[in-house]
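To keep things clear, I will list the structure first and then write my remarks on it.
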Amino acid sequence: MTDLTQLSEMELQEVIDKAEKALKDRLVSKRKEVIAQIKELAASAGLVVEIHDADKFIDRKNSKVAPRFRNPADPLQTWSGRGLAPKWMQALISSGRSKSEFEIK
């Protein structure tokens, strides 16, 4: 396993993103296996099971919004443009700079 203490912030964020994706993929795969087992058991008993896929519904509480702005001094600090602006953005705007300068393209 990689020594995480030797990684930069950007590399650590990349590791986290990859781990979250791997976990999500594994959970989706496990869910499909369980659904297949349920349908097989139901069929052996002469039943038909209809399973509605909950993944099709959007969970707005947990959905992430892509960042629109990045702090030039610290690339790990981003802001989606929603809600109260972070202190780094407020400081840049109060110094006379425009938000559009920090948009992620």
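The values are calculated or read from the model by the stated rules, or taken from the named source; none is laboratory data. All values derive from a computational prediction rather than experimental measurement. Cβ sites come from the backbone with ideal geometry, for glycine too, and all protein chains shown count toward neighbours.
Structure summary
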quantity: Output for the range 81-96, where each listed residue is in a loop (DSSP other than H, G, I, E, B) and out of contact with any strand residue (DSSP E or B) (no Cβ under 8 Å at 6 or more places or on another chain); calculated: Arg82, Gly83, Leu84, Ser95, Gly96
quantity: Leu84 vs. criteria modelled with pLDDT of 90 or more and surrounded by 10 or more Cβ atoms within 10 Å (Cβ to Cβ); calculated: no
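Condition check ((1) surrounded by 10 or more Cβ atoms within 10 Å (Cβ to Cβ); (2) of a type outside the set (D, E, K, R); (3) more than 30 Å from Arg70 (Cβ to Cβ); (4) in the same structural domain as Asp74 (by TED's automatic domain parsing)) across all residues:
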residue: Thr2; (1), (2), (3), (4): no, yes, no, no
residue: Leu12; (1), (2), (3), (4): yes, yes, no, no
residue: Asp17; (1), (2), (3), (4): yes, no, no, no
residue: Leu23; (1), (2), (3), (4): yes, yes, no, no
residue: Val28; (1), (2), (3), (4): yes, yes, yes, no
residue: Arg31; (1), (2), (3), (4): yes, no, yes, no
residue: Ala43; (1), (2), (3), (4): yes, yes, yes, no
